[in-house]
Each structure stands twice: as structure tokens, then as C-alpha cells.
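*Asks:* Take a look at the following structure, please.
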Amino acid sequence: MALDGWKERLFRQHLYWQCRPARVRKRLGALLEERKAPPMRENCLNVAALQVQIELFANPTGYIDMIHRRVRETVVLGAHLVAFPEYNNLSLLGMLPGVAEMEETISAVKEETTQEEATQNKAPAITVTDVIHYIGPVIAPFLDTLYSSLAAAYGIYLMAGSLLLPEGDKVVNRAFLYGPSGELIGIQDKVHLMPIEMEWGITPGSEFNLFDTGVAKIAAPVCMDATYFETFRILELKGAEIVIIPIANPEPYNHYLALRGIWPRVQEAPVYGIKSAIVGSLLGFEFTGRAGIFAPAELTSDGSGVLDMVESPEKEGIAFATIDLGALRELRQDHPWRDSNPALYRRYFPRVYQGIQE
């Protein structure tokens, strides 16, 4: 790995000190309020999908303050379940020397550097996986302490977004769900990678997990996982009632392109869908998205299938709604679009998928 010199090892010890869990708890102690999520009405859950403006933090306390501010905003609204977006730990790359400067100049460098100059550059490459293997062991306990403490302090279910983290010799894009006592309920690795993630060397997940919280059965696949209808079909057949999708779309917002994701999946399944989004500019990428909360069309007053969406695709915001799990369960018992010929799929699917070229 490129980051293996003594200076790098020494600096990582400094980062461990900066990100130590005791410091997280101390900082939160100065921020937390005497406030809890309201009591839940029977079968009803107040849910919040966050749209987060990405920024670099040279000091982890800035990240703590920002995450706490966003959680507090949802708790003030009365949220029981809060969802953060994909790549929710990339802001902490600001702690690494030179990253902020690179952010300022990367666009100019891209424009001025010719293909020939890029080809002639023989300097050893530092890859995304190198960086994550370097900083991941530092920030993993930091992030666990932060999100666990916030969930427990406010008595909420907290989906921490997805985080790029090392797993042995691999790097995964992993979502985390915490419970109202601060317990880690479960994790979900991104199964369908974007082309850029494959170039980075991210390892895809191999299964979809379902978390039975006692209140609802929740799943949290990541971003591109919602592009394929099989994801939601599998999760619904496993019993999912709420599917949370954290996203980070590095492209200009396009309403129709966005429709390849969570909205049609919710209509097909049917389940409640929560989409959290990251927006803003980081290291040459422009992220856009509209966080939202979605339901089968039959469970929305205007038949749109949308309970709430953030207005702007480029600025931070919160989508907030109350979902009725009792109404969903009743609809699923006698849904007008239910498959009437499951034997057809049992016959076709094994053969069809076995024929796919890897």
C-alpha cells in the first residue's frame, strides 16, 4: 500500500487521538438536549429522510456538530426513524493533509492536464482503497460512538447512512442501523456498485439483510441497489415493510432518470420507501438528489405515491412524514396488483439468472 511510511503511521496515531470515542462523548455532552422522540401511536411511525450538504472537516468536532444538528432538527419535528445518506463519512477526509487544497484545485488541474501529461506521470498512485484502509480503522469507532450515542440520547432509530470502510483486505460501502437504546441492529453492504466504485476497488455485498425491530421490518440497501426491481422483490418476500435507500448521485438532477430508483420499486413491492441524499461538491464530484418518503399510491391522499420530498435537488433539507404500518399490512393482504401466477417465476427465474454472464 502507498500509505505505509513512518510519517503516515505517526500521523494516524494523531488521528486516533483526535477521533477517540471519549472525545466524541464529551463533545456530545455539550450539545445534547433533554429531548426524546414522542411516543408512537399504534402502527404509526414518524420518519425523516435527510438531505445533507457535503463538506470537508479538518477537525472531527465539526462533523460531530453537523451530524448532531441534523439529528436534532428531525427530533424537533417528532421523528422516530431518521435516515442519513450514502458516503456519509467522506467529509472526514478533510482531516488528511492536502485534501482541502486538492478540493480547491482539482477542477483546474483536470482542465489543464492533458492526457499525455497524465500518462507520463509515473508517481505511485494512491488509490481510494489505500485511503480508506489508512483512515478507516481510525474513523470506524468514532462513527460507531457518534451514531450509537445519538440514537440512544434521543430514543430514535437511526440509519447512519452508508460508509466506505475497510473489511479485512477489502473496502465495502456499508449502511448501519442503530436502535433507540444505541444498539447496532444490523449492517448492509451495497450489492450493486456504480462503475466508479468498481474502478476504486470497492467490494460488493452478497446478500440483502432484513432487520425485525419489533416495530417494523426494515431493510437498508444502498443507492444503486434500488435501480433493480429484484432488490425490493427479494426484500418484500423476506417481509420488509420499510426500505431505506441512502443515495449519492454524482450527476445533475434529472427527474426522469431519478425514476429508475425508489419510486417505482415502492409501487412494485409494495413497501414504504425512505430515500436520503447527499448534495454538493466534493473532490470533483457534483452530487444532487431529492430526499423523500414514498408509499404505495393507494396509501397517499393524492395518489402520487409521494408522502414528502425535499424541494431542492441541490440544498440541504428534510423530508418528513408519518407512515401507517397497519394500512400497509392491510393493503398487502389484498393488493390488486398481486402476482397471480407465482409458479411462472419459480419455473423461469433459476434458468434465466443462471444464464447471465458474469
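Coordinate-derived values only; no laboratory data. Just so it is clear, the model here is predicted, and its values are computed rather than measured. Here the Cβ positions follow ideal geometry from the backbone for every residue, glycine too, while neighbour counts run over all protein chains shown.
*Asks:* Calculate the translational D of the stretch 6-326 in whole µm² s⁻¹ from Stokes-Einstein, where the hydrodynamic radius comes from the Kirkwood formula applied to all Cα pairs, the temperature is 4 °C and the viscosity 1.567 mPa s. Please report the intermediate quantities before stating the final value.
*Replies:* Numbers: Rh = 20.2 Å.
Estimated via Stokes-Einstein, D reaches 64 µm²/s.
*Asks:* How large is the dipole of the chain about the Cα centre if only Lys and Arg carry +1 and Asp and Glu carry -1, each at its Cβ, rounded to the nearest 20 debye?
*Replies:* Details: 33 positive and 44 negative charges, 215 e Å.
Here the chain has a charge dipole of around 1040 debye.
*Asks:* Quick check for you: which residues of the stretch 216-260 have the amide N under 19 Å from the point 7 Å beyond the Cα of Asn43 toward its beta carbon?
*Replies:* 216-218, 239-243
*Asks:* Can you tell me the order of 288-300, 150-162 when each peptide is scored by its average per-residue count of other Cβ atoms within 10 angstrom, highest first? Mind showing how you got there, number by number?
*Replies:* Details: 288-300: 22.1, 150-162: 24.9.
In decreasing order of mean packing, 288-300, 150-162 become 150-162, 288-300.
*Asks:* Could you calculate the contour length gain from Glu101 to Asp65, that is, 0.36 nm times the residue separation minus the distance between their Cα atoms, to one decimal place in nm? Can you show the working numbers first?
*Replies:* On the way: separation 36, 0.36 × 36 = 12.96 nm, distance 2.28 nm.
Taking Glu101 through Asp65 to full extension adds about 10.7 nm, to one decimal.
*Asks:* Compute the FRET efficiency between Ala343 and Glu230 as 1/(1 + (r/R0)^6), taking r as their Cβ-Cβ distance and R0 = 22 Å, and round to the nearest 0.05.
*Replies:* Values: r = 18 Å, r/R0 = 0.84.
E between Ala343 and Glu230, to the nearest 0.05, is 0.75.
*Asks:* With a point put 7 Å past each Cα toward its Cβ, work out how far Val352 is from Lys7 in nm, to one decimal.
*Replies:* Taking the simple label geometry, Val352 and Lys7 are separated by 5.6 nm.
*Asks:* Cα-Cα over 27 Å: which of Lys7/Lys190; Lys36/Lys275; Lys7/Lys170; Lys238/Lys315; Lys217/Lys315? List each step's numbers first, then the result.
*Replies:* Details: Lys7/Lys190 33 Å; Lys36/Lys275 23 Å; Lys7/Lys170 24 Å; Lys238/Lys315 35 Å; Lys217/Lys315 31 Å.
Where the Cα-Cα span goes over 27 Å, the pairs concerned are Lys7/Lys190; Lys238/Lys315; Lys217/Lys315.
*Asks:* Can you tally the net charge around Ile247? Count Lys and Arg as +1, Asp and Glu as -1, for every other residue whose Cβ sits under 12 Å from the Cβ of Ile247. Don't skip to the end; give the middle numbers.
*Replies:* Values: positive: Lys190, Arg260, Lys275, Arg290; negative: Glu86, Asp225, Glu251.
Around Ile247, the charge tally is +1.
*Asks:* Still on this structure: For every helix of n ≥ 4 consecutive DSSP H residues, a contribution of -39,500 (n - 2.57) applies; sum these over the chain, divide by its total residues, and give [θ] at 222 nm rounded to the nearest 500 deg cm²/dmol. List each step's numbers first, then the result.
*Replies:* Details: 12 runs with 138 residues, N = 358.
That comes out to -12000 deg cm²/dmol.
*Asks:* Out of all DSSP beta bridges in the chain, what portion is antiparallel? Express it as a percent rounded to 5.
*Replies:* On the way: 33 of 50 bridges.
Taking every DSSP beta bridge with both residues in the chain, the antiparallel ones total about 65 percent.
*Asks:* Continuing with this model, one more query. Note the full-extension length gain between Asp212 and Val128 as 0.36 nm times their separation in residues minus their Cα-Cα distance, in nm to one decimal.
*Replies:* On the way: separation 84, 0.36 × 84 = 30.24 nm, distance 3.40 nm.
Stretched out fully, the Asp212 to Val128 stretch lengthens by 26.8 nm.
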